[in-house]
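Have a look at the structure below before the remarks.
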Ligand code: ASP
């Protein structure tokens, strides 16, 4: 029993479930100062925000330093290019698979048929501004890396770190000391993550209770079918695509993977942020026997560009909106959804809620009413928690596949 209580996964899941129950209990009471202001907006908000800020505190330095260490240790840029290409192809494969599964599920189950899209919220809803594809790509280039770091723009920090890592790697003997220093900082950051994770169950408890308390079940009822289709597509994707990549692609047990992943899933689910989960997924890959230069390279890139879960939510939402508005989706429109959802998921930052904002681009491209987002915005936080869990899972799966293909995965550790 003592061992079970010490088990970090058990503590995290317990925190998650107790948080859900606590949120429902608080919601069942009539509005009162003690509940609204003191407990939920006071103690719970403090615990949740403190935990998320503590995790976020490590993200920028960890990504910057670990990516540099990862790239610099490749030494030869040819190998780096090869692994980079493999990583990107795996990300693309998984995202395209995800969006196809999601469109098929939504077309088959028709979650939007019969939905009343005449609701008042649509009239008062201001759709997000649609970013052009050129702007999305221009946004990746940092004009001032220090500003990118202070603003927490992970994608720009990544680009700078890639340049830095490649240059340092080519300097040979001269840069050896500097690489060593970066490695020490990296170890130090990982240590900080381990310390923060000790309070994770409390942070997860508070975050989830706030979500349950503020979202409630009411906003879910109306579009329960749509949420169900998203869940189904996420599950299918997990077992078909990720399971296939692990089992067929590299003969690894998915059960073993899922067991290890539970801890990471708890953080991804409660924070709804791939970026914030990055330190924990790195820890998982390290314990699963992946060599550091692989996870230091694959995971930070994955956290910013690999979003299969987001693509699934976008695919289902697009079809849902077309059905709710009674609009027929041509094959060409579906193809447009596939391409634009892949692009927009790449452009989606690994922070809460961005996937739904990027949704505007998918709808606009497919000729669907952007106002339709109002129909699903009420449950976005719940969808976000689920899609983030699948996004981060994808990063870990791709990381394992790359490691296995490069023969740098310690199987005894993975199977332990
Ligand atoms: N919250 C998601 C993530 O961090 C992105 C999104 O779909 O909004 O992975």
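Just wondering, is there one or more residues in the stretch 352-360 that are surrounded by fewer than 24 Cβ atoms within 10 Å (Cβ to Cβ), within 18 Å of residue 133 (Cα to Cα) and touching a helix residue (DSSP H, G or I) at 6+ places or on another chain (Cβ under 6 Å)? Yes, because at least one residue in the stretch 352-360 is surrounded by fewer than 24 Cβ atoms within 10 Å (Cβ to Cβ), within 18 Å of residue 133 (Cα to Cα) and touching a helix residue (DSSP H, G or I) at 6+ places or on another chain (Cβ under 6 Å).
The condition of being modelled with pLDDT of 85 or more, more than 18 Å from the chain's Cα centre (by Cα) and more than 25 Å from residue 351 (Cα to Cα) holds for only one of 46, 24, that being 24. Residues of the stretch 260-272 include none that is away from the ligand (no atom under 15 Å from the Cβ) and touching a strand residue (DSSP E or B) at 6+ places or on another chain (Cβ under 9 Å). Scanning the stretch 371-416 for residues that are surrounded by 20 or more Cβ atoms within 10 Å (Cβ to Cβ) and not in a helix (DSSP H, G or I) yields a count of 1. Of the set (1) in contact with a helix residue (DSSP H, G or I) (Cβ under 7 Å, 6 or more places away or on another chain); (2) more than 30 Å from residue 295 (Cβ to Cβ); (3) surrounded by fewer than 24 Cβ atoms within 10 Å (Cβ to Cβ), all apply to residue 330 but (1). Here residue 297 fits the description: buried (at least 24 other Cβ atoms within 10 Å of the Cβ), in contact (Cβ under 8 Å) with a residue 24 or more places away in the chain and more than 16 Å from the ligand (Cβ to nearest atom). Restricted to the stretch 175-248, the set of helices (runs of 4 or more DSSP H) holding at least 2 residues that are more than 30 Å from residue 26 (Cβ to Cβ) comprises 176-197, 224-236. Every condition in (1) in contact with a strand residue (DSSP E or B) (Cβ under 7 Å, 6 or more places away or on another chain); (2) surrounded by 19 or more Cβ atoms within 10 Å (Cβ to Cβ) holds for residue 289 except the one numbered (2).
The listed residues are 349, 341, and the only one of them that is crowded, with 21+ Cβ neighbours inside 10 Å, within 16 Å of the ligand (Cβ to nearest atom) and outside any helix (DSSP H, G or I) turns out to be 349.
The values are calculated or read from the model by the stated rules, or taken from the named source; none is laboratory data. Since this is a predicted model, take the numbers as computed values, not measurements. As a convention, Cβ positions derive from the backbone with ideal geometry for all residues, glycine included, and neighbour counts pool all protein chains shown.
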